[in-house]
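Some notes on the structure that comes next.
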Amino acid sequence: MNRPLKTPPLAAYDPHYDPLVSDGPGHNRDYAPTYWHATAGSLPADDGPVTSDIDADVAIVGSGYTGLACAIFLAREHGLKPVVLEANRVAWGCSTRNGGQGQNAAGRLTRSQWIARWGLDVAKQLHAEIRDGFETFEELVRQSPIDCEPQRGGHLYIAHRQRNLDKISAEATLLRDTFGEQTRMIGADQLRREYLNEAEAVGAVLEPLGTGVHPAKLAFGYQQMARDLGVKIHPASPVANIEQRGGKLHLRTPGGTVRARAVGIATGAYTAPGLTPTLRGRCMPILSNSIVTRPLTAAELEATGFRTKLVLTDTRTLRYYYRLLPDNRIQIGSRSSITGADADAPKHLQLLIDGLHRKFPALQGIEIDYSWWGWVDVSHDMMPRIFRPDPRTNLFYALGYGGNGVSYSAQAGRRMAQMIAGQHFKGQDLPIFTSPLPTHTFEPFRRLGQRMLYRWYHLRDEAA
């Protein structure tokens, strides 16, 4: 038996952490300096680190949205007693660093791309699954004991070039006529008159499903819900490895080994390379940067024409995601650095500031109160997976949202809970449940390929 350890001292946030070169995400590291953490209020209680060997029905690795949602559904709907293991602080990764945009999406592919890949019948079933996932997300938002400041009403997909407007117009027609979504085209004049005065915009598509949330308050609401159901949540308990012995899976942490009948992995882009061989090279970690301004004055609100607090994205491949927050600050984020070592280079912050100024020239020189970055788990075929790699082993994973995990992570957690409990569900034969995350053929050259793609995307996105 491992000798019990005392709670380790809180370690400093590491701005240069990089999943491709680091041994793991750390041990009891502090949160990134996000606006969300700074305004989340008092943190819910947890159960402290693992300090001895313990037994559990299910061990969940990762305490973000997916892991906590999975634990909620395991306890509430299946009567199981899961424990959640977190390397650092609860919801330390993507779940407290994202832009808070819940959309009717999962992964990076459009509905037309689904049809091209799998055919219309599968695409319709997949759409029904993703839409059901949005309802699962909204259900948890409504039930949460912590108000995560939902801003409902839809998602504005804003075209920054005419050619992009033509493309999203065709996709909106497909969504309406084939999938039954009540999408609407918004012309440039109407957009500026009724929603916001964005200098780059040539028009937009209004998608009816979209909810903005305070990401940290959402995560901490999940945390409190889970603990109210009897779930044990152990921060500062990084899992070094997982081994199957004697019919159980053994998860080794610094303070003790957790022996579980089943394991659910929900570590996103922060998956330690030694956690399990089955996940090596199956996600590409991509950095996403975000900034939040000081609150806008009444004159600045008038100059930017903000009459909406809907979630907003533009049509760049390296897209900007942004919105007006409840306290009248603007949050904007996008992709930036390739490596963790370069993440704090001033040019990446400047890229976001320049993007903000292009969209809203009246905000030239506005103070930036918060700046941070985090890693996004992008699958190599741009679609998530909730999957059991080996039918002989009760190990499951839910990963690969590609930046669209705020809403679908709730459904992914629910689906992984159903799989762990041995329950069948409608749509279980869809490819996101029946196939593994693909691996990268030339893993050592992934970053080189990413650099080349980023240059090409930038040239294409900004072409007149």
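The values are calculated or read from the model by the stated rules, or taken from the named source; none is laboratory data. Predicted, not measured: the structure shown is a model, and the values here were computed from it. Neighbour counts are summed over all protein chains in view; Cβ atoms, including those assigned to glycine, are modelled from backbone coordinates with ideal geometry. Calculation scope for accessible area: heavy atoms of the full protein, side chains included, ligands and nucleic acids excluded. Shrake-Rupley method; radii C 1.70, N 1.55, O 1.52, S 1.80 Å.
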_Quick check on GLN428: is it closer than 28 Å to PHE220 by Cα, modelled with pLDDT of 95 or more and not aliphatic (A, V, I, L, M)?_
no
*Can you name the number of the only condition in (1) open to solvent by 50 Å² or more (accessible area, probe 1.4 Å); (2) without any contact (Cβ under 8 Å) to a residue 12 or more places away in the chain that LYS248 fails?*
(2)
*Filtered residues of region 8-39 (kept if more than 22 Å from TYR370 (Cβ to Cβ) and hydroxyl-bearing (Ser, Thr, Tyr))*: SER22
_Counted residues, region 369-391 - those being under 23 Å from TYR31 (Cβ atoms), in contact with a Leu (Cβ under 9 Å, 6 or more places away or on another chain) and either among the acidic types (Asp, Glu) or surrounded by fewer than 16 Cβ atoms within 10 Å (Cβ to Cβ) (or both)_ = 1
*Filtered residues of region 253-264 (kept if on the phi < 0 side of the Ramachandran plot and surrounded by 17 or more Cβ atoms within 10 Å (Cβ to Cβ))*: THR253, PRO254, GLY255, THR257, VAL258, ARG259, ALA260, ALA262, VAL263, GLY264
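Restricting attention to region 271-308, and to residues there that are basic (Lys, Arg) and within 23 Å of the chain's Cα centre (by Cα), which single residue is surrounded by the most Cβ atoms within 10 Å (Cβ to Cβ)? Outline the logic, then answer.
The first filter runs over region 271-308 and keeps only residues basic (Lys, Arg), leaving 280, 282, 294, 307.
Of the ones still in play, those that are also within 23 Å of the chain's Cα centre (by Cα) are 280, 282.
Values: ARG280: 14, ARG282: 21.
Step by step, filter region 271-308, then rank; the result is ARG282.
Out of all the residues in region 334-367, which are of a type in the set (A, V, I, L, M, F, W, C) and loosely packed, with under 15 Cβ neighbours inside 10 Å? Give the derivation first.
Keep residues of region 334-367 that are of a type in the set (A, V, I, L, M, F, W, C), which gives 338, 341, 343, 345, 349, 351-353, 356, 360, 362-363, 366.
ALA341, ALA345 - these are the residues of region 334-367 that are of a type in the set (A, V, I, L, M, F, W, C) and loosely packed, with under 15 Cβ neighbours inside 10 Å.
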*State whether the residues of region 5-12 include one that is in contact (Cβ under 8 Å) with a residue 60 or more places away in the chain, assigned to a loop (DSSP other than H, G, I, E, B) and either surrounded by 19 or more Cβ atoms within 10 Å (Cβ to Cβ) or of a type in the set (S, T, N, Q) (or both).*
yes
*Using beta carbons and a limit of 9 Å, which pairs, at least six apart or on different chains, have the first residue in region 405-425 and assigned to a loop (DSSP other than H, G, I, E, B) and the second one charged (D, E, K, R)?*
ALA421/GLU77; GLN423/GLU77; PHE425/ARG414; PHE425/ARG415
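So in region 50-74, with the set limited to residues that are open to solvent by 20 Å² or more (accessible area, probe 1.4 Å) and outside any strand (DSSP E or B), which one is nearest to HIS234 (Cα to Cα)?
Filtering region 50-74 down to residues open to solvent by 20 Å² or more (accessible area, probe 1.4 Å) leaves 51-55, 57.
Cutting the leftovers down to outside any strand (DSSP E or B) gives us 51-53.
On the way: THR51: 10, SER52: 12, ASP53: 13 Å.
Going through the qualifying residues, I end up with THR51.
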*asked:* Just to be sure I understand the filter: pairs with C-beta atoms under 8 Å, separated by 6 or more residues or on different chains, first member in region 338-361 and without any contact (Cβ under 8 Å) to a residue 40 or more places away in the chain, second member not in a helix (DSSP H, G or I). Which pairs pass?
replied: ALA345/SER337; GLY355/TYR320; GLY355/ILE332; GLY355/SER334; HIS357/GLN364
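Taking strands (runs of 3 or more DSSP E) that do not extend beyond region 148-242, which have at least 1 residues that are open to solvent by 30 Å² or more (accessible area, probe 1.4 Å), touching a residue at least 40 places away in the same chain (Cβ under 8 Å) and closer than 30 Å to ARG252 by Cβ?
Working: elements: 155-159, 184-187, 203-207, 210-212, 232-234.
Because the criterion is at least 1 residues that are open to solvent by 30 Å² or more (accessible area, probe 1.4 Å), touching a residue at least 40 places away in the same chain (Cβ under 8 Å) and closer than 30 Å to ARG252 by Cβ, the strands (runs of 3 or more DSSP E) in region 148-242 that meet it are 232-234.
When residues of region 120-147 are filtered for being of a type in the set (A, V, I, L, M, F, W, C), open to solvent by 20 Å² or more (accessible area, probe 1.4 Å) and either in a helix (DSSP H, G or I) or touching a His at 6+ places or on another chain (Cβ under 6 Å) (or both), how many remain?
Residues meeting the conditions: 3.
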*So ASP429 clears everything in (1) among the charged types (D, E, K, R); (2) more than 20 Å from THR278 (Cβ to Cβ); (3) crowded, with 16+ Cβ neighbours inside 10 Å except one condition, right? Which one?*
(3)
_Which count do you get for residues in region 96-109 that are modelled with pLDDT of 95 or more, part of a loop (DSSP other than H, G, I, E, B) and more than 17 Å from ASP132 (Cα to Cα)?_
5
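Among the residues of region 75-85, which ones are touching a residue at least 12 places away in the same chain (Cβ under 8 Å) and either part of a helix (DSSP H, G or I) or open to solvent by 20 Å² or more (accessible area, probe 1.4 Å) (or both)? Even if it seems obvious, please write down each step before you answer.
We begin by selecting, within region 75-85, every residue touching a residue at least 12 places away in the same chain (Cβ under 8 Å); these are 75-78, 80-85.
Hits for region 75-85 are ALA75, ARG76, GLU77, HIS78, LEU80, LYS81.
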_Checking the structure you have, find out if any residue of region 105-119 is touching a helix residue (DSSP H, G or I) at 6+ places or on another chain (Cβ under 6 Å), over 21 Å from SER169 (Cβ atoms) and surrounded by 24 or more Cβ atoms within 10 Å (Cβ to Cβ)._
yes
